[in-house]
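The structure appears below as structure tokens.
The values are calculated or read from the model by the stated rules, or taken from the named source; none is laboratory data. Quantities reported herein were computed from a predicted structural model and do not represent experimental measurements. Counting neighbours? That spans all protein chains shown, and the Cβs are built from the backbone with ideal geometry, glycine included. Surface areas here come from the heavy atoms of the whole protein model, side chains and all, with no ligands, DNA or RNA. Shrake-Rupley method; radii C 1.70, N 1.55, O 1.52, S 1.80 Å.
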Amino acid sequence: MADDTVADDAGPGEGLEDLLGWLAPQVLGAVVRRYGHFDAAEDAVQEALLAAALKWPEEMPANPRGWLITVAARRLTDLLRAEQARRRREDTAARWALTEEWIAPEGASDDSLVLLFMCCHPALSPASQIALTLRAAGGLTTAEIARAFLVPEATMTRRVSRAKQAVKESRVPFRMPSPADRAERLGAVLHTLYLIFNEGYASTSGPDLQRAELSAEAIRLARMVRRALPDDGEVAGLLALMLLTDARRPARTGPDGVPVPLAEQDRGAWNAAYIAEGTALIGAVLPRGAPGPYQIQAAIAALHDEAPSAAETDWTQIVALYELLLRVSDGPVERLNHAVAVAMVRGAPAGLDLLARLRDDRRIAGDDRFHTVRGHLLEMSGEPAAAREAYEAAARRTASPLRRRYLGARIARLPPA
């Protein structure tokens, strides 16, 4: 999770791009449910989205979802006719007809959850399951998925392409898997939702630091999974983590869009309803024992959200929770956040010692978050020259102009060399 303890870099937006992003996975799910042919269906939906982007500014349809499904279905029919002609198939896509019941959102089942589980079927490796679901159900670009996985974009492009081909060849039916299969795929589904939420909470591309529509979609899908699996502790933990983290969104950026660090945020602007729901969820599942990584992260988020002020945060308990988390999920981002928590309890030099162990980890050492944290701890240690170098290194590595402005402000307030 993009934790505010590291560095801070609001429902869905109302613009055309936000609307299309919101509808894309629902339309893809509906088209795949009706026709199958996942790979061709995704191409058809992308063409429908492009047509909408060109036409809707002049005339918005009364039923945007139905419009997109109709256009995508027609395009898919064309694609399948061509394929059938080439392969001399006897069946014809021209016989397929749309029904108003299928197109209309009223009374229709939400196919997003089915699409989510379909993309996480056993024909794919866990990494490919997550990548494909982010692409199909989350609407992320390949570049955004690559950053989420901390791998090169070219690697992710190949991974997504192979995953789409595997789904096509597997001929997996478009329906919810059996209870046994659903349990097997759940880990990939939860990880996917976690990454979608992170991309929305701390966007890796675009002009804004947050993409609220992605966070909202991840929360919506997590609620759906929670309704389907009400007794699963990690499902509840992930939903709680999303709610407790997203609760801070209204205060995470200033009027100019530049990030506001956690310690400086207006806690009165936080979403009290999300905090109450999230703390209730995690409070109900933690006593069961043997918590998983999402439950532990939710407990950390709850400690931040329940603290009346930054100075009153229970950092000692947060350190203990991070050390528990590292036993079950020992990743570079977790270690980065652990270093910040240790610095708050034992002093900045202790945190810097932990960061030094990450300098050779290629997954994080070249990331702007690593250098931002290092600059912050060096500033705490009274080393302004070294802090300046770290902040400048972070600014060179971030793709966000707003993040660069934030880092520039941190540099400007350092004493002169």
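Residue-level analysis places Pro173 outside the set of residues that are in a loop (DSSP other than H, G, I, E, B), under 26 Å from Gln295 (Cα atoms) and modelled with pLDDT under 80.
Considered as a group, the residues in segment 138-164 that are touching a Pro at 6+ places or on another chain (Cβ under 9 Å) and under 18 Å from Ser125 (Cα atoms) include one that is modelled with the lowest pLDDT, and that residue is Leu150. Selection of segment 206-245 for residues being open to solvent by 10 Å² or more (accessible area, probe 1.4 Å), at pLDDT 90 or above and not in a loop (DSSP other than H, G, I, E, B) yields Arg223, Arg226, Gly233, Glu234. Selection over segment 163-175 of residues that are of a type outside the set (Val, Ile, Thr), over 21 Å from the mean Cα position of the chain (by Cα) and surrounded by 15 or more Cβ atoms within 10 Å (Cβ to Cβ) gives a count of 3. His191 meets each of the listed conditions (1) farther than 29 Å from Val260 by Cα; (2) in a helix (DSSP H, G or I); (3) open to solvent by 40 Å² or more (accessible area, probe 1.4 Å) apart from (1). Taken over segment 259-269, residues that are open to solvent by less than 20 Å² (accessible area, probe 1.4 Å) and either of a type in the set (S, T, N, Q) or in a loop (DSSP other than H, G, I, E, B) (or both) amount to 1. Collect the residues in segment 307-316 that are part of a helix (DSSP H, G or I) and surrounded by 14 or more Cβ atoms within 10 Å (Cβ to Cβ), keeping them in residue-number order. Within segment 307-316, Ala310, Trp315 meet the criteria.
Based on this model, can you work out whether Ala41 counts as open to solvent by less than 50 Å² (accessible area, probe 1.4 Å), small (Gly, Ala, Ser), modelled with pLDDT of 80 or more and within 25 Å of the chain's Cα centre (by Cα)?
On the way: open to solvent by less than 50 Å² (accessible area, probe 1.4 Å): yes; small (Gly, Ala, Ser): yes; modelled with pLDDT of 80 or more: yes; within 25 Å of the chain's Cα centre (by Cα): yes.
Considered against the rule, which asks whether it is open to solvent by less than 50 Å² (accessible area, probe 1.4 Å), small (Gly, Ala, Ser), modelled with pLDDT of 80 or more and within 25 Å of the chain's Cα centre (by Cα), Ala41 comes out as yes.
For segment 166-221, what are the residues that are of a type in the set (Lys, Arg) and more than 30 Å from Thr253 (Cα to Cα)?
We begin by selecting, within segment 166-221, every residue of a type in the set (Lys, Arg); these are 168, 171, 175, 182, 185, 211, 220.
Selection gives Lys168, Arg171, Arg175, Arg182, Arg185.
The single condition among (1) under 26 Å from Leu209 (Cβ atoms); (2) out of contact with any helix residue (DSSP H, G or I) (no Cβ under 8 Å at 6 or more places or on another chain); (3) surrounded by 14 or more Cβ atoms within 10 Å (Cβ to Cβ) that Ala343 does not satisfy is (2). For first residues located in segment 367-384 and closer than 14 Å to Arg397 by Cα, partners that are at pLDDT below 95 and of a type in the set (Gly, Ala, Ser) and lie 6+ apart or on another chain with Cβ distances below 7 Å form the pairs Arg369/Ala7; Thr372/Ala7; Val373/Ala7.
Beta carbons closer than 7 Å, at least 6 apart along the sequence or on distinct chains, pair a first residue in segment 330-344 that is assigned to a helix (DSSP H, G or I) with a second that is at pLDDT below 95 and of a type in the set (S, T, N, Q) for Asn337/Thr5; Val340/Thr5; Ala341/Thr5.
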